[in-house]
Amino acid sequence: MRFSRTIQTVDVHCEGEIGRVITGGVLNVPGATMAEKLHHLNTVDDGLRRWLCSEPRSGPAGSFCLLTPACDPRADVGFIVLQPDQAHAMSGSNAICATTALLETGMVQMVEPVSVVTLDTAAGPVVATAECQGGKVVRVTLDMPPSFLAKEGVIETAEWGAVKFDLCFGGIFYALVDVEQVGLTIVPEKARELAMTGVELRNRIAAVEPAVHPTTPALNGLAYVMFRSDEPDGAVRTCTTLRPGRVDRSPCGTGSNSNMAARFARGLVKAGDRVVSRSTIGGEFVTEFVEETTVGPYKATRNRVSGRGWIYGISQIG
């Protein structure tokens, strides 16, 4: 066996969603800021993402967490998410995976009972506060990028009629759709239909909605459709649908961040309120509305999202 290149990963899942954290084999990515690095990966050299995310090394399920030297001196490490469709600025589940791997492998020194890791992302710094016990990260709370509702939109479809959506930013752009509009429920048995419907809706909405970030062009563009529904106990059932056609196994941190902004815009929450997000397979995140802020012309929210991650393997890819 003779590899021309090797990459090492610590393989983690967050509430079932796979995030393989690259711990060796990538030195850096060109760019003076994380936004420039993200732009480079998506428009100049997409080879690393395609190499890692393509079969047989990987496939549609899961992501790779790319760690780089931080550009922001306040941060410990740079963070970009590589997925089958493109590189993304931020992901809550993957940030929890990365924090878990950094601390449990000693790349960042673990301090019990609480360790703090600051991730430098194209969407801004994300402070991860990890509860640690017996050498294990038992829970991670993320201070998320500011989230805002950019637009309440509607798209006409032949299959489902007029579908209303909230165009929101929570680290990446989402179209949040109440799932009953497409005649489905968020349960594992409907995962295939949800995935394909969500990807189709995303492509149609993206064709007419540019999803422009007011301060950072590298963040432009609609990433995903996240379906949502209300649970009897007050939680929100979520289903983020990802290209080329699957559902997020986690409750989705950036989507939950976005949904809090949509609730705030309608006067449904105030600072201090918490909302439980429950995934298609039942995993839970807790989102806390911390304070109001602004992003460009938009009223926005600062939120914390918390969840759990587990290391399940270590890989060497060649």
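Go through segment 209-233 residue by residue and tally those that are of a type in the set (Gly, Ala, Ser) and either open to solvent by 60 Å² or more (accessible area, probe 1.4 Å) or modelled with pLDDT under 95 (or both). Of the residues in segment 209-233, 1 are of a type in the set (Gly, Ala, Ser) and either open to solvent by 60 Å² or more (accessible area, probe 1.4 Å) or modelled with pLDDT under 95 (or both).
Quick one: count up the residues across segment 33-60 that are farther than 22 Å from GLY221 by Cα and of a type in the set (A, V, I, L, M, F, W, C). Total satisfying the criteria: 2.
Just so you know, in segment 272-281 the residues that are without any contact (Cβ under 8 Å) to a residue 60 or more places away in the chain and in contact with a Pro (Cβ under 8 Å, 6 or more places away or on another chain) include one that is most open to solvent (accessible area, probe 1.4 Å), and it is ARG278.
From the list ALA265, ALA162, ALA207, the lone residue that is over 20 Å from the mean Cα position of the chain (by Cα) and farther than 29 Å from ILE80 by Cα is ALA162. Based on this model, can you work out whether MET110 counts as open to solvent by 10 Å² or more (accessible area, probe 1.4 Å) and touching a residue at least 12 places away in the same chain (Cβ under 8 Å)? When the stated conditions are applied, MET110 passes them. Given the criteria of a type in the set (A, V, I, L, M, F, W, C), in contact (Cβ under 8 Å) with a residue 40 or more places away in the chain, open to solvent by 10 Å² or more (accessible area, probe 1.4 Å) and in contact with a helix residue (DSSP H, G or I) (Cβ under 6 Å, 6 or more places away or on another chain), does ALA35 qualify? It is true that ALA35 is of a type in the set (A, V, I, L, M, F, W, C), in contact (Cβ under 8 Å) with a residue 40 or more places away in the chain, open to solvent by 10 Å² or more (accessible area, probe 1.4 Å) and in contact with a helix residue (DSSP H, G or I) (Cβ under 6 Å, 6 or more places away or on another chain). Selection over segment 1-11 of residues that are touching a strand residue (DSSP E or B) at 6+ places or on another chain (Cβ under 8 Å) and either closer than 18 Å to PRO60 by Cβ or open to solvent by 40 Å² or more (accessible area, probe 1.4 Å) (or both) gives a count of 4.
Between LEU27, LEU52, LEU41, LEU102, the distinction of being outside any strand (DSSP E or B), farther than 30 Å from ALA195 by Cβ and open to solvent by less than 20 Å² (accessible area, probe 1.4 Å) belongs to LEU102 only.
A single member of ALA158, ALA206, ALA162 is open to solvent by 10 Å² or more (accessible area, probe 1.4 Å), of a type in the set (A, V, I, L, M) and out of contact with any strand residue (DSSP E or B) (no Cβ under 9 Å at 6 or more places or on another chain), and it is ALA158.
The set of residues from segment 113-133 being aliphatic (A, V, I, L, M) and either modelled with pLDDT under 95 or open to solvent by 40 Å² or more (accessible area, probe 1.4 Å) (or both) comprises VAL114, VAL116, VAL127. Of everything listed in (1) of a type outside the set (Phe, Trp, Tyr); (2) loosely packed, with under 15 Cβ neighbours inside 10 Å; (3) closer than 29 Å to GLY245 by Cα; (4) free of Cβ contacts under 8 Å to residues at least 12 places away in the same chain, the single unmet condition for PRO73 is (3). Filtered by the rule that a residue be assigned to a loop (DSSP other than H, G, I, E, B) and either more than 24 Å from PHE64 (Cβ to Cβ) or open to solvent by 80 Å² or more (accessible area, probe 1.4 Å) (or both), segment 282-315 gives GLY282, GLY296, PRO297, ARG308.
Residues in segment 234-253 include at least one that is at pLDDT 95 or above, out of contact with any Cys (no Cβ under 8 Å at 6 or more places or on another chain), over 13 Å from GLU15 (Cα atoms) and not in a strand (DSSP E or B).
The values are calculated or read from the model by the stated rules, or taken from the named source; none is laboratory data. Everything numeric in this text was worked out from a predicted model, so none of it was measured. Heads up, the Cβs are rebuilt from the backbone with ideal geometry, glycines too, and the neighbour counts pull from every protein chain shown. Remember, those area values only see protein heavy atoms, side chains included, never the ligands or the DNA or RNA. Shrake-Rupley method; radii C 1.70, N 1.55, O 1.52, S 1.80 Å.
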